[in-house]
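The block underneath contains the structure these notes are about, expressed in structure tokens.
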Amino acid sequence: MDSRYKSERRVQIDEPQPPKSDAFEEDSPGSRGIDGDDDEERSMRFKPSSNNVTEDQEPFMGFKVRRKASFHRDYKGDYLDVPSHPFLMKILQKQGDKQVLFADKVLKFTGSGKMKRRILLITDFALYIVDPETDALKRRIALAAVEKMCLSELSDNFFAVIVPTEYDLLMASTRKTEIVTVLVEATKSDYELEVNFSNRFEYNAAAELVKEVQFEEVEGGVKTKITRK
């Protein structure tokens, strides 16, 4: 196992049944969201993918309790058909990016804890967050600025992208495994992207706002709690 994949405890894989749902709690008081994200979207159903993933594509196999559907999945990469969306192509062309490694809709959590539907694009140079309602680029993060990824050891959909020079990203996607794998592969020629597994981790939701995410396995799924530090 590569030393860059770290965990506070090792979890044996017993092919657990897929959880029925992900419970979510937000304890922090309301405030204006990051990047003008004010609209509240507090619920979204996560459906486990029925596609299948090879073990060589799972850089952290053995560390994490995975859904059955995540063990053998064929990664597609571009789930949005980016070339068919002129506004996405315009954003990429303006930045000089051509190679799309991953594209899909995700949930992004704002500084106030609200959930926003966003498009996540990953190229060989950067990570893009795009508003699908306004077709506007909300944020571009150079891959070189990403220090590590934080995930739980359970079968939830959450992951944090840690960017020390700016502020971090907390997102949720049923394709989390593929996203992490793509980022690890995209950065390995320049540096080793650290992937940390813990059922409790902190992230900077804004420049001076630290939050803690806690995960707890409960009957039928995983309970996720986000609190202000």
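The values are calculated or read from the model by the stated rules, or taken from the named source; none is laboratory data. Predicted model only: the values in this text are computed from it and were never measured. Cβ coordinates were reconstructed from backbone atoms using ideal geometry, including for glycine residues, and neighbour counts include every protein chain displayed. Ligands, DNA and RNA are excluded from the accessible area calculation, which covers all protein heavy atoms including side chains. Shrake-Rupley method; radii C 1.70, N 1.55, O 1.52, S 1.80 Å.
Computed quantities for the displayed model
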{"quantity": "Cα-projected label distance for Glu219 with Phe87, points at 7 Å along beta-carbon direction, nm", "calculated": "4.5"}
{"quantity": "Computed E for Lys188/Asp74 - FRET, C-beta separation, R0 22 angstrom, nearest 0.05", "calculated": "0.55"}
{"quantity": "Cα gyration tensor, segment 89-142 - rounded (a/c under 1.5), prolate or oblate", "calculated": "prolate"}
{"quantity": "1.4 Å probe accessible area per residue over segment 110-151, in Å²", "calculated": "32"}
{"quantity": "Nearest-20 debye value, segment 102-229 charge dipole, Cβ charges on Lys, Arg, Asp, Glu", "calculated": "540"}
{"quantity": "Rough spin-label spacing in nm, given labels placed 7 Å along Cα→Cβ, for Glu133 and Thr165", "calculated": "3.1"}
{"quantity": "Globularity ratio of segment 129-229, using Cα Rg and 2.2 N^0.38 Å", "calculated": "1.11"}
{"quantity": "Stretchable slack from Ala145 to Ala207, in nm (0.36 nm times residue separation minus alpha-carbon distance)", "calculated": "20.8 nm"}
{"quantity": "In Å², nearest 10: area of Glu185 left accessible to a 1.4 Å probe", "calculated": "100"}
{"quantity": "Probe 1.4 Å, all protein chains present, accessible-area order of Glu133, Glu217, Glu208, largest first", "calculated": "Glu208, Glu133, Glu217"}
{"quantity": "Calculated FRET efficiency for the pair Lys229/Gln95, C-beta based, R₀ 41 Å, to 0.05", "calculated": "0.75"}
